[in-house]
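Below is one structure, written out as structure tokens, with a few remarks after it.
The values are calculated or read from the model by the stated rules, or taken from the named source; none is laboratory data. As the structure is a computational prediction, the values presented were derived from the model and not from experiment. Note: ideal-geometry Cβ built from the backbone for every residue, glycine included; neighbour counts use all protein chains shown. Heads up: the accessible areas ignore ligands, DNA and RNA and are worked out on the full protein's heavy atoms, side chains in. Shrake-Rupley method; radii C 1.70, N 1.55, O 1.52, S 1.80 Å.
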Amino acid sequence: MKRNITPWPVAAALALALTVPALADNWIKLASKPGGKVRMEGTSSIHDWYAESAIIRGSFEVEPEFLTDKTLKSVKSLTTKEVNPKAELAIPVRSLKSSSGQKMDEIMQEAMNMKEHKDIVFKLKEMVLKGEADAAGNAKFDATGELTVAGKTKPCNLEVALQRLDGERFKFSGQTKLKMTDFGITPPSPNIPGMQRITTGDEVIVKFEWLVGTTAPAK
């Protein structure tokens, strides 16, 4: 008599495939809220510069316990590597406004090939709690993801801070360093009439504050 035995690696994979969707079915989605911002800071041969945007589109998906458990101990996606939270952010390139005015906005948009790639996109891959959350439920995480700029995608690691605001609103903040050339962007070197040619530093610091919240009060 033949016995049908499923090899254990296949059985484990099937179990995982069945478990993860079931786990994610009751997750909550926190959507972007007004009040967030992203800021890029860099250097040039004449002065330091920055560009800011107040538009961050996106959402954060996590277990419902995230809303009520300030210790986060019951939120597996943030305290273990068994399952990961989901998040995708997009910043329109056109929304970035330079400290040096409209001409520099145009130079920046051209350097980032805005016609072909309208958004800067970050996709979260993993986010794990560092230490413990404080009494107010604020916490820090080690996060990894993929950052896409000018159509080129690179790994991105950063520390993210969580702050619980009033009601069911939350603020994620952090910063990271990157190089324009890593994304195939040549640092702008504009030749402006009446001025010496400007050279721009390759390294940029990106800082963000992202506000998210429930679309309706939890019951």
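Against the numbered list (1) surrounded by 17 or more Cβ atoms within 10 Å (Cβ to Cβ); (2) modelled with pLDDT of 95 or more; (3) out of contact with any Gly (no Cβ under 6 Å at 6 or more places or on another chain); (4) not in a loop (DSSP other than H, G, I, E, B), ARG94 comes up short only at (1). Residues in segment 65-82 that are assigned to a loop (DSSP other than H, G, I, E, B) and either touching a His at 6+ places or on another chain (Cβ under 9 Å) or of a type in the set (D, E, K, R) (or both): ASP69, LYS70, LYS73, LYS81, GLU82. Pairs please, first residue from segment 142-168 and within 22 Å of VAL128 (Cβ to Cβ) and modelled with pLDDT of 95 or more, second anywhere and outside any strand (DSSP E or B) and open to solvent by 20 Å² or more (accessible area, probe 1.4 Å), Cβ atoms under 7 Å, 6+ apart in sequence or on different chains. Qualifying pairs under 7 Å: LYS154/ASP182; LEU162/ASN138; GLN163/ASN138; ARG164/ALA136; ARG164/ASN138.
Residues in segment 162-179 that are hydrophobic (A, V, I, L, M, F, W, C) and either open to solvent by less than 30 Å² (accessible area, probe 1.4 Å) or not in a strand (DSSP E or B) (or both): LEU162, LEU165, PHE170, PHE172.
I'd like the residue in segment 32-58 that is over 16 Å from PHE208 (Cβ atoms) and at pLDDT 90 or above and, out of all such residues, is surrounded by the most Cβ atoms within 10 Å (Cβ to Cβ). Per the criteria, the residue is TRP49. In a residue-by-residue description of segment 130-137, the property of being open to solvent by less than 20 Å² (accessible area, probe 1.4 Å), closer than 19 Å to TRP210 by Cα and either part of a helix (DSSP H, G or I) or of a type in the set (Val, Ile, Thr) (or both) applies to no position. Per the conditions (1) under 30 Å from ARG197 (Cβ atoms); (2) in contact with a Phe, Trp or Tyr (Cβ under 8 Å, 6 or more places away or on another chain); (3) in a strand (DSSP E or B), the sole criterion not satisfied by ALA87 is (1). Taking segment 31-56 as the range and being under 18 Å from LYS207 (Cβ atoms), under 16 Å from the mean Cα position of the chain (by Cα) and either aromatic (Phe, Trp, Tyr) or assigned to a strand (DSSP E or B) (or both) as the test, the residues that pass are SER32, LYS37, VAL38, ARG39, MET40, GLU52, SER53.
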